[in-house]
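Values quoted throughout were computed directly from the atomic coordinates according to the rules given, and no laboratory measurement underlies them. Because the structure is a prediction, the values reported are computed rather than measured. Neighbour counts are summed over all protein chains in view; Cβ atoms, including those assigned to glycine, are modelled from backbone coordinates with ideal geometry.
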Amino acid sequence: MATADTASTGTSVVPQLPNHKVKIKKPGQRSCNEKDAKGKFCGGHLKRWFYATDVPEQECGDVEKAWGPDAEVYRCEFCHTLYLPNPEDTSGVNVAALGRLSRFGFLVPPKEEKPKDDKPKDDKPKDEALKDAK
């Protein structure tokens, strides 16, 4: 894994851990952008990683020593690269869209208002209006 002390991603410097490669997520990023030896992107999904309950990580202990027991950390499902959340990205928001929380706990997108017609509607159903036209 990574052995360097720091890695530069854009304008920020990310402290590296002895046994883990660490990067910062881009806003809205959901998949790994790490390149392998052939230069291909990994493409694994980034999943929230609860390292305190991970048995191999308990033996290593690097992450908990560096960031504490409850830090927000994401890990690639294939190459296991660690991603820290982007400060520009809002934490805990659904990546599909920003919306409002319903009483059932789901994110609901805002309603789009339909344009109002100036013409008054007929009280008759369409079938009756067709019969009257004959």
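Applying the Karplus relation 6.51 cos²θ - 1.76 cosθ + 1.60 with θ = phi - 60° to region 42-51 yields 3J(HN,Hα) values of 5, x, x, 6, 8, 10, 4, 10, 9, 5 Hz, where x marks Gly and Pro. A protection proxy built from the mean count of other Cβ atoms within 10 Å ranks the segments 30-43, 60-73, 13-26, most packed first, as 13-26, 60-73, 30-43.
Of Lys25/Lys65; Lys21/Lys65; Lys40/Lys65; Lys38/Lys65, which ones are farther than 24 Å apart at the Cα? Each step should come with its number before you reach the end.
On the way: Lys25/Lys65 21 Å; Lys21/Lys65 15 Å; Lys40/Lys65 32 Å; Lys38/Lys65 33 Å.
From the list (Lys25/Lys65; Lys21/Lys65; Lys40/Lys65; Lys38/Lys65), the Cα-Cα distance tops 24 Å for Lys40/Lys65; Lys38/Lys65.
Neighbours of Lys65 by Cβ distance under 13 Å: Lys/Arg scored +1, Asp/Glu scored -1, total -4. Note down the net charge around Lys25, summing +1 for each Lys or Arg and -1 for each Asp or Glu among other residues with Cβ under 14 Å from its Cβ. Its environment carries a net charge of +3. For Val73, nonlocal amide neighbours, meaning residues 5 or more places apart or on other chains whose placed amide H falls under 5 Å from its own, are Trp49.
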